[in-house]
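Peer 1: First, the structure itself, so that you have it in front of you.
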Amino acid sequence: MKIIQLSIPTPFYVGDVNVYLIREDPITLIDAGPKTEAAAAVLKAKLAQNGIGFSDIRRIVLTHAHEDHCGLAKQIRDTAKNAEVLVHDWETGHLFGRLAQEEHRQLILRSGVPEKVFDDLRGLYEEVSLLTDALDDGDYVSLRDEMELEFESGSLRVLHTPGHTPGSCSFHREADRTLICGDCILKRITPNPMLAPDPVDPTQRFRSLAEYLVSLARLRALSPTLTYGGHGEPVTDFEEIFHRYVRAIDERQGRTVKLVKPSGTTAFEVARELFASSFDHDVHRFLALSEAIAHLDYAESEGKLAVEMSNGVEYYRPV
Ligand SMILES: [Zn+2]
Ligand SMILES: [Zn+2]
């Protein structure tokens, strides 16, 4: 089974996104790129170099539902009449207006974000959400853990690897220990555990960092020899990247815990300190906040911090 990596431009800070083409029956794309004219044109041209048009695509499998990965899925599906889109059920919440939902608003305000900052964030995400078409129920087939995606010459096993988002999935080819794993493993950056409501109880936060560490261990246990990520080149030394991630996470845990004062500190305050140099750039704020909350939640679950709610805002304290 040949996996062909196609690099597609995005308007995001992260740069290009990887779309993977598996050119055998049923012709499959893993991820699709953002809904921009530039991305559609580049994807079309790169597929054409491989003798494929949008109308030949039979299956679009999404690692997760961030706009840079899923934006063009519906458009391609509509062009290729019989194509199906596959995505994990826990992912679809992202497709219906992130931050627009009351649950999301509550989760963010609880972290001590001033209303004004929240409004800026929401404005930003409204713009970002234009970079994808929403998938309604019935527009997609659910990806499930351990499901096999069959191809003419073999199969890919679906692994539910939550963390970066609740419904992030990876795809494993056992025969040659190859992985395709979206934003779960990225060569040059440590993936961000994004703030999201818990899919099972949306009034609670998804424990993104704890989940991510479990997913990372699960992928490591497969001893992958080649790992294709959502951005950048493939990873050939999984152990090196695993240890690098663990060190980076440990270091950030340490810094996060130190920033919490006995008088009580909010996640917003921690985010501002952790990312002092970039916090004033809108794009980074939500990521910074996600990262701070993920680390605070994790420290709390490890018994390093306590959290208390006062006037609708959570305050962390050392224990
Ligand atoms: Zn992502
Ligand atoms: Zn991404």
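Any read-out appearing in this document is the output of simple, stated calculations on the displayed coordinates, not a laboratory observation. This structure is a prediction, so every number in the text was calculated from the model and none was measured. A quick note on method: Cβ atoms are made from the backbone with ideal geometry, for glycine too, and the neighbour counts reach across all protein chains shown.
Peer 1: Counting each DSSP H run of 4 or more residues in the chain as -39500 (n - 2.57), what helix-only mean residue ellipticity at 222 nm follows after dividing by all residues, to the nearest 500 deg cm²/dmol? Intermediate values should be presented prior to the final figure.
Peer 2: On the way: 9 runs with 110 residues, N = 319.
Taking each H run of at least 4 residues, the total per residue is -11000 deg cm²/dmol.
Peer 1: For segment 276-304 and segment 159-196, what is the separation of their C-alpha centers, rounded to whole Å?
Peer 2: For segment 276-304 versus segment 159-196, the Cα centre distance is 20 Å.
Peer 1: Compute the signed sum of charges (Lys and Arg +1, Asp and Glu -1) over the other residues within less than 13 Å, Cβ to Cβ, of Leu149. Intermediate results must be reported in sequence, preceding the final value.
Peer 2: Working: positive: Arg58, Arg59, Arg144, Arg157, Arg173; negative: Glu24, Asp25, Glu84, Asp145, Glu146, Glu148, Glu150, Glu152, Glu174.
So the environment of Leu149 carries a net charge of -4.
Peer 1: Could I ask something else about it? Antiparallel as a % of all DSSP beta bridges within the chain, to the nearest 5?
Peer 2: 70
Peer 1: Determine the gain in length on full extension of the stretch Glu239-Phe12; use 0.36 nm per residue of separation and subtract their C-alpha separation, reporting nm with one decimal.
Peer 2: Numbers: separation 227, 0.36 × 227 = 81.72 nm, distance 2.87 nm.
Taking 0.36 nm per residue and subtracting the Cα distance, the gain is 78.9 nm.
Peer 1: For each of Tyr316, Tyr245, Tyr140, count neighbouring Cβ atoms within 10 Å of the residue's Cβ, then give the residues from fewest to most. Could the numbers behind the result be given before it?
Peer 2: Numbers: Tyr316 27, Tyr245 18, Tyr140 24.
Fewest-to-most Cβ neighbours within 10 Å comes out as Tyr245, Tyr140, Tyr316.
Peer 1: Moving on. If contacts are Cα pairs under 8 angstrom and at least 6 residues apart, what is the relative contact order of the chain in percent? Please report the intermediate quantities before stating the final value.
Peer 2: Details: 632 pairs, mean separation 44.9, N = 319.
Taking the mean separation of contacting Cα pairs over the length of the chain, I get 14 percent.
Peer 1: Per q in 0.08, 0.09, 0.11, 0.16 Å⁻¹, report the Debye log10 I(q)/I(0) for the chain, using one uniform scatterer on each alpha carbon and no solvent.
Peer 2: After summing over all Cα pairs, the log10 values are -0.36, -0.45, -0.68, -1.36.
Peer 1: Would you please classify the overall shape of segment 231-311 from the alpha carbon gyration tensor, given that a ≥ b ≥ c denote the square roots of the eigenvalues, rounded means a/c under 1.5, and beyond that prolate means a/b larger than b/c while oblate covers the rest?
Peer 2: Numbers: a/c = 2.64, a/b = 1.52, b/c = 1.74.
Taking the square roots of the gyration eigenvalues as a ≥ b ≥ c, segment 231-311 is oblate.
Peer 1: Also, quick follow-up: Using a/c under 1.5 as the rounded threshold, could you call segment 129-195 rounded, prolate or oblate? The axes a ≥ b ≥ c are square roots of the C-alpha gyration tensor eigenvalues, and prolate needs a/b larger than b/c, oblate otherwise. Don't skip to the answer; put the middle values down first.
Peer 2: Values: a/c = 2.09, a/b = 1.17, b/c = 1.79.
Oblate, because a/c is 1.5 or more while a/b does not exceed b/c.
Peer 1: For Lys258, Lys81, what ranking results if the residue with the fewest other Cβ atoms within 10 Å of its Cβ goes first?
Peer 2: Lowest count first: Lys81, Lys258.
Peer 1: Which residue, Ser278, Ser215, Ser263, tops the fluctuation ranking in a GNM of the chain built on C-alpha contacts under 10 Å?
Peer 2: Comparing Ser278, Ser215, Ser263 in a Gaussian network model of the chain, the most mobile one is Ser263.
Peer 1: Would you mind calculating the gained length between Lys2 and Asp119 on full extension (0.36 nm times residue separation, minus the Cα-Cα distance), in nm to one decimal? All intermediate terms of the calculation are to be shown ahead of the outcome.
Peer 2: On the way: separation 117, 0.36 × 117 = 42.12 nm, distance 4.55 nm.
This chain segment gains 37.6 nm when fully extended.
Peer 1: While we're here: Would you compute the Debye intensity of segment 1-78 from its alpha-carbon atoms alone, equal scatterers and no solvent, and pass along log10 I(q)/I(0) at q = 0.20, 0.27 Å⁻¹ to two decimals?
Peer 2: The Debye formula, applied to the Cα set alone, gives -0.77, -1.46.
Peer 1: Which value in nm describes the separation of the simple spin-label points at Gln75 and Glu148, placed 7 Å from the Cα toward the beta carbon?
Peer 2: Placing both labels 7 Å beyond Cα along the Cβ direction yields 3.5 nm.
Peer 1: Check which residues have an amide H placed less than 5 Å from Arg205's amide H, if you skip close sequence neighbours.
Peer 2: Placed amide hydrogens put Asp198 under 5 Å from Arg205.
Peer 1: Do you know the Lys pair count in the chain for C-alpha distances under 23 Å, with sequence separation 8 or more or different chains?
Peer 2: Summing the qualifying lysine pairs gives 14.
Peer 1: Considering the chain, which cysteines have no disulfide-compatible partner, defined as another cysteine with its Cβ under 4.7 Å away?
Peer 2: Singleton cysteines: Cys70, Cys169.
Peer 1: Within a 10 angstrom radius of the beta carbon, how do Val246, Val319, Val257, Val113 rank from fewest other beta carbons to most? Mind dumping the intermediate values first?
Peer 2: Working: Val246 15, Val319 11, Val257 19, Val113 23.
Neighbour counts put them in this order, fewest first: Val319, Val246, Val257, Val113.
Peer 1: Under 19 Å from a point 7 Å along the Cα-to-Cβ line of Ser155: which residues of segment 46-84 have their amide N that close?
Peer 2: 59-62, 84
Peer 1: Quick check: from the Cα gyration tensor, does segment 99-240 come out rounded (a/c under 1.5), prolate or oblate? It would help to have the intermediate numbers written out before the result.
Peer 2: Values: a/c = 2.13, a/b = 1.74, b/c = 1.23.
Cα axes put segment 99-240 in the prolate bin.
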